[in-house]
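The values are calculated or read from the model by the stated rules, or taken from the named source; none is laboratory data. Keep in mind it's a predicted model, so treat the numbers as computed, not measured. Virtual Cβ from ideal backbone geometry, glycine too; neighbours counted across all protein chains shown.
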Amino acid sequence: MRKLTNIMVTGGAGFIGSNFIRYLFGQKGFTGTVVNVDKLTYAGNPENLTDIDGAHGGKRYFFEKADVCDFDAIKALFEKHAIDTVIHFAAESHVDRSIFGPKEFIQTNIMGTFNLLEVARECWTGRDDVLFHHISTDEVYGSLGDSGYFFETTPYDPRSPYSASKASSDHLVMAYSHTYDMPVTLSNCSNNYGPYQFPEKLIPLMIQNIKDEKPLPVYGDGRNVRDWLYVDDHNSAVWLIVNKGKAGETYNIGGENEWENLKLVHVLCEKMGAAMGKDKEYYKKLITFVKDRPGHDRRYAINCDKIKKELGWRQSYDFDGGLDKTIRWYLDNEQWTARVRSGEYRNWIEKNYDKR
């Protein structure tokens, strides 16, 4: 029986991680402790969780600034907080950045995962009431044509330094399951969207550029297809896997919601037009086609029948409602966006965390 009492969430100050922690504290049945471990690189922002820190800080929520690649620091946190569960979100995740600077992706995504696994192996020897859950991506499967889906059994075929680093970490996690009998689960998700996403990603970037009436850059011909998943639906699936998933198994988490990039940008223009009191065609003139990025995968689409049939998971948000909620959040939280885009939040981090 898994304890799920003292949970280490790595990368918990980032987009998906911070939303997961907020989701967790909203669950009536959860009475445990969360230890948020984050290095606070450019996309990590503890301000994402000031409400959680205010309500639970020092009691059931603890923030620990640490690098997952630092064995001694992570081991000390395992011992300090009696960690029995790891939910590993921490990763360098932006494909464009991996193309121009792959070293950080190799270090964080591969070596960081290896380091966490080694600490867990040392601290959890002989225990079966623990769990290491690894968060991965559909990008490890490569690129699809006009038809077909990624299944849990689809052979890995990563095409970018980012996806290659995640594929490597996935293999390490499953190897530790087979070699050391470590209780692990793994999930591969499609593109997430929702509140607190760093503005370099497609949906928040387009929302902000539309608001500012700046160019809306679209790679290539705009026909690349992605499956979109609202972040709370992703997190509900992760929590279900952590509670009920079978050790040693992989689960795909998808939105079952495919959109060509260009069509998605059109929808965002129309929805922002309605929100800003403009004609629905007004912002489409800002669309600007730019040179395609190297190795740009054409289509991702996830089959998530396994998690639905075995664990009873379902998405709660349709794309129309999820987009409306996301747009409203960014429009209602302009101060957060301004602080992130200007870099002002880094000054707050330095004052409150970097000098500890």
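How about region 270-279: which of its residues are over 31 Å from the mean Cα position of the chain (by Cα) and either under 20 Å from residue 329 (Cα atoms) or crowded, with 16+ Cβ neighbours inside 10 Å (or both)?
277, 278
If I ask for residues that are over 18 Å from the mean Cα position of the chain (by Cα) and not aromatic (Phe, Trp, Tyr), which ones from region 86-106 would you list?
Hits for region 86-106 are 99, 101, 102, 103.
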Tally, over region 313-340, of residues that are touching a residue at least 60 places away in the same chain (Cβ under 8 Å) and more than 20 Å from residue 269 (Cβ to Cβ): 8
Qualifying residue in region 3-17 (condition: charged (D, E, K, R) and under 19 Å from the mean Cα position of the chain (by Cα)): no
Any pair with Cβ under 6 angstrom, 6 or more apart, that starts in region 48-61 at a residue that is closer than 15 Å to residue 27 by Cα and ends at one that is hydroxyl-bearing (Ser, Thr, Tyr): 52/61; 60/33
Among (1) exposed (fewer than 13 other Cβ atoms within 10 Å of the Cβ); (2) assigned to a loop (DSSP other than H, G, I, E, B); (3) under 21 Å from the mean Cα position of the chain (by Cα) - the single one residue 317 does not satisfy: (1)
Meets criteria (within 15 Å of the chain's Cα centre (by Cα), assigned to a helix (DSSP H, G or I) and crowded, with 21+ Cβ neighbours inside 10 Å) for residue 196: no
Among the candidates 292, 332, 305, 320, residue that is closer than 30 Å to residue 220 by Cβ and either at pLDDT 95 or above or in contact with a helix residue (DSSP H, G or I) (Cβ under 9 Å, 6 or more places away or on another chain) (or both): 320
Residue 263, sole failed condition from (1) in a loop (DSSP other than H, G, I, E, B); (2) surrounded by fewer than 17 Cβ atoms within 10 Å (Cβ to Cβ): (1)
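Here's a check for you: in region 150-174, which residue that is out of contact with any helix residue (DSSP H, G or I) (no Cβ under 9 Å at 6 or more places or on another chain) and more than 17 Å from residue 85 (Cα to Cα) is surrounded by the most Cβ atoms within 10 Å (Cβ to Cβ)?
First pass over region 150-174, keeping only residues out of contact with any helix residue (DSSP H, G or I) (no Cβ under 9 Å at 6 or more places or on another chain): 153, 171, 174.
Cutting the leftovers down to more than 17 Å from residue 85 (Cα to Cα) gives us 153, 171.
Numbers: 153: 9, 171: 14.
Only one residue tops the list, namely 171.
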Conditions (1) touching a residue at least 24 places away in the same chain (Cβ under 8 Å); (2) more than 22 Å from residue 21 (Cα to Cα): number failed by residue 91: (2)
Within region 177-201, considering residues that are of a type in the set (A, V, I, L, M, F, W, C) and more than 25 Å from residue 149 (Cβ to Cβ), the one modelled with the lowest pLDDT: 198
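Filter region 205-240 down to the residues that are among the small types (Gly, Ala, Ser) and in a helix (DSSP H, G or I), then identify the one that is nearest to residue 299 (Cα to Cα).
Among residues in region 205-240 that are among the small types (Gly, Ala, Ser) and in a helix (DSSP H, G or I), the one nearest to residue 299 (Cα to Cα) is 237.
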Residue tally, condition in contact (Cβ under 8 Å) with a residue 60 or more places away in the chain, over 23 Å from residue 294 (Cβ atoms) and in a loop (DSSP other than H, G, I, E, B), over region 171-193: 2
Residue list for region 43-85, filter: at pLDDT below 95 and not in a helix (DSSP H, G or I): 43, 44, 45, 57, 58
Failed criterion for residue 246 (all others in (1) outside any strand (DSSP E or B); (2) crowded, with 17+ Cβ neighbours inside 10 Å hold): (2)
Filtered residues of region 105-130 (kept if in a helix (DSSP H, G or I) and in contact with a Phe, Trp or Tyr (Cβ under 7 Å, 6 or more places away or on another chain)): 105, 115, 117, 118, 119, 120, 121, 123
Residue among 20, 25, 89, 63 that alone is closer than 27 Å to residue 193 by Cβ, touching a Lys or Arg at 6+ places or on another chain (Cβ under 9 Å) and aromatic (Phe, Trp, Tyr): 25
